Amino acid sequence: MPDIPYYGTYARFDTASKKDAAVLLGADNLVGDVFDIEFITEEGVRTAWMKNRFGALVGFFEPGTSRELSLCEAKGFKLQALLSFIAYSESPDPGRYWGEAALVCYDPKDAAAFECFTGNIAARMMEGIRPEVDLGEQGFNKVIETNGSWKPTKTVPLPPKQAGVALLKTRRSVSEKMIEQGRKGNKGCYIISWVFLLAVVAGALFGLRSCGII
């Protein structure tokens, strides 16, 4: 395989516990968000964690992925993870929250091209599209030649449906998009998003009451 100054793949991450996963399910962690990678060493084992834009560690990668990311760090690469989806598995007991992220690691000298490329990848992921990020030499050269505007045509499918597994987040919802606009300064969208959420909750409660559940 050609030795290019880039590493990209989709990788699974897990959460420390169901309680710790609560923050991952909120509006602070949206599909398409770009996370930093932080390493934590415990009992001689170095593990790569995803850190969101608010400074929270929300998920960790398995040893093989952590090792690859450590090698990228040793090369001086910029390490980033883009949230692709969040899932819940009933087994093993008592259940587990997990997900996948697209890893995009590159030489800082190519930052201008790959910041643009990463932004394009993130925008497509927000709509539920998972572009290929394992570029190879040809794809890498395309990114550099176009200063990041090139978009991969190949996509990576979501995992097949399995009993006891639910995909909780695979794209950005309308309310999440409005919350994000509010964070960027569009207060009207922020207010509307909360009105929308309250309406959804009120509708759900009305339905439960109508069925005699509450």
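Some points to look at:
- The strands (runs of 3 or more DSSP E) found wholly in the range 14-74 and carrying at least 2 residues that are open to solvent by 20 Å² or more (accessible area, probe 1.4 Å) and touching a Leu at 6+ places or on another chain (Cβ under 9 Å) occupy 34-42, 45-51.
- Residue that is farthest from the chain's Cα centre (by Cα), among those in the range 112-128 that are of a type in the set (A, V, I, L, M) and surrounded by 15 or more Cβ atoms within 10 Å (Cβ to Cβ): ALA113
- Check on ALA102, touching a residue at least 24 places away in the same chain (Cβ under 8 Å), assigned to a strand (DSSP E or B) and open to solvent by less than 70 Å² (accessible area, probe 1.4 Å): yes
- Screening GLN80 on (1) crowded, with 17+ Cβ neighbours inside 10 Å; (2) under 17 Å from THR170 (Cα atoms) shows it passes everything except condition (2).
- Pairs are defined by a Cβ separation below 7 Å, a sequence spacing of at least 6 or placement on different chains, a first member in the range 1-30 that is under 18 Å from LYS51 (Cβ atoms), and a second member that is outside any loop (DSSP other than H, G, I, E, B) and among the polar types (S, T, N, Q); the pairs so defined are ALA11/THR65.
- Some residue of the range 141-150 being at pLDDT 95 or above, open to solvent by less than 10 Å² (accessible area, probe 1.4 Å), part of a loop (DSSP other than H, G, I, E, B) and out of contact with any strand residue (DSSP E or B) (no Cβ under 7 Å at 6 or more places or on another chain): yes
- Of THR47, THR9, THR65, all but one fail to be β-branched (Val, Ile, Thr) and more than 24 Å from PHE140 (Cα to Cα); the exception is THR47.
- The range 161-179 residues that are within 14 Å of SER84 (Cα to Cα) and open to solvent by less than 70 Å² (accessible area, probe 1.4 Å), paired with ones that are in a helix (DSSP H, G or I) and not charged (D, E, K, R) (beta carbon under 7 Å, 6 or more apart): ARG172/MET126
The values are calculated or read from the model by the stated rules, or taken from the named source; none is laboratory data. Note that the coordinates shown come from a computational prediction; the quantities given were computed from them, not determined experimentally. Every residue, glycine among them, receives a Cβ derived from its backbone with ideal geometry; neighbour counts consider all protein chains shown. Heads up: the accessible areas ignore ligands, DNA and RNA and are worked out on the full protein's heavy atoms, side chains in. Shrake-Rupley method; radii C 1.70, N 1.55, O 1.52, S 1.80 Å.
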